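A.B. asks: Here you go, one structure.
Derivation of every value follows stated rules applied to the coordinates shown; laboratory data play no part. Predicted model only: the values in this text are computed from it and were never measured. All Cβ positions, glycine included, derive from the backbone under ideal geometry; neighbour counts span all protein chains shown.
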Amino acid sequence: MAGHSKWNNIKHKKEATDAKRAKVFSQVSKMIRVAVKEGKSGDPKFNPALRVALEKARAANMPKDKIQKAIDRGLGKSASGATIQEIVYEAFGPSGEAYMIVALTDNPKRTSSEVKYVLSRSGGSLGSPGSTSYLFKRDETGGFRAITPLSLDEAAKQRAVLLIESLRDLEDIEDIYTSIEGL
């Protein structure tokens, strides 16, 4: 009767649903942080984008403490009282493509180690300051745009997409810009 335990079946279903909820919560949390940051207000009365994001959070049954934490992070403060700072990491992917990874964090050491781990697991590496920034130009929205886009074959593009998805799963990562053409 191995593998037919009722608890095992419940546990596996719960793990799957919890993973889905966590992904939705992180996406909604990021929406809230961006809305607060762009609207410069944590009050939904004065910030229509935040109002929409809060409706999505309620539809996803997101707990109030997680919503408040996302609002606080968007305003630049954390629960521990530490200020949240923006850090731009420069990295190289498995095929030599360049990345500019923008993170908002209250703990730069933790975020740095998480980014290094994801990059090393996929065959990439974290670069030193200035190692990839010359390949990008700031655009009017504050993001980065590749000066000379790099064209890769389909297999390399798939590896890059998997790397980007893994980086986006990290809580502190806000935006990822790449030098790959078409991504």
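A.B. asks: Test A103 against the stated conditions and say whether it is buried (at least 19 other Cβ atoms within 10 Å of the Cβ), under 15 Å from I176 (Cβ atoms) and over 14 Å from the mean Cα position of the chain (by Cα). Explain how you work it out, then say what you get.
C.D. replies: Values: buried (at least 19 other Cβ atoms within 10 Å of the Cβ): yes; under 15 Å from I176 (Cβ atoms): yes; over 14 Å from the mean Cα position of the chain (by Cα): no.
No, not satisfied.
A.B. asks: Give the residues of segment 134-155 that are surrounded by fewer than 17 Cβ atoms within 10 Å (Cβ to Cβ), touching a residue at least 12 places away in the same chain (Cβ under 8 Å) and either aliphatic (A, V, I, L, M) or closer than 27 Å to S29 by Cα (or both), sorted by residue number.
C.D. replies: Those that are surrounded by fewer than 17 Cβ atoms within 10 Å (Cβ to Cβ), touching a residue at least 12 places away in the same chain (Cβ under 8 Å) and either aliphatic (A, V, I, L, M) or closer than 27 Å to S29 by Cα (or both): G143, R145, I147.
A.B. asks: So, one more: Output the residues belonging to segment 120-138 that are under 23 Å from I84 (Cα atoms) and in contact with a strand residue (DSSP E or B) (Cβ under 7 Å, 6 or more places away or on another chain).
C.D. replies: Our first condition is that a residue be under 23 Å from I84 (Cα atoms); within segment 120-138, this holds for 126-130, 133, 138.
Passing the criteria: L126, G127, P129, S133, R138.
A.B. asks: Can you tell me which of A49, A70, A22 is out of contact with any Phe, Trp or Tyr (no Cβ under 7 Å at 6 or more places or on another chain), within 25 Å of S166 (Cα to Cα) and crowded, with 16+ Cβ neighbours inside 10 Å?
C.D. replies: Details: A49 fails: within 25 Å of S166 (Cα to Cα); A22 fails: crowded, with 16+ Cβ neighbours inside 10 Å.
Only one candidate passes the filter, namely A70.
A.B. asks: Sticking with this structure for a sec: Is there any pair with a first residue in segment 100-125 that is on the phi > 0 side of the Ramachandran plot and a second that is outside any strand (DSSP E or B) whose Cβ atoms are under 7 Å apart and which are 6 or more apart or on different chains, and what are they?
C.D. replies: G123/P94
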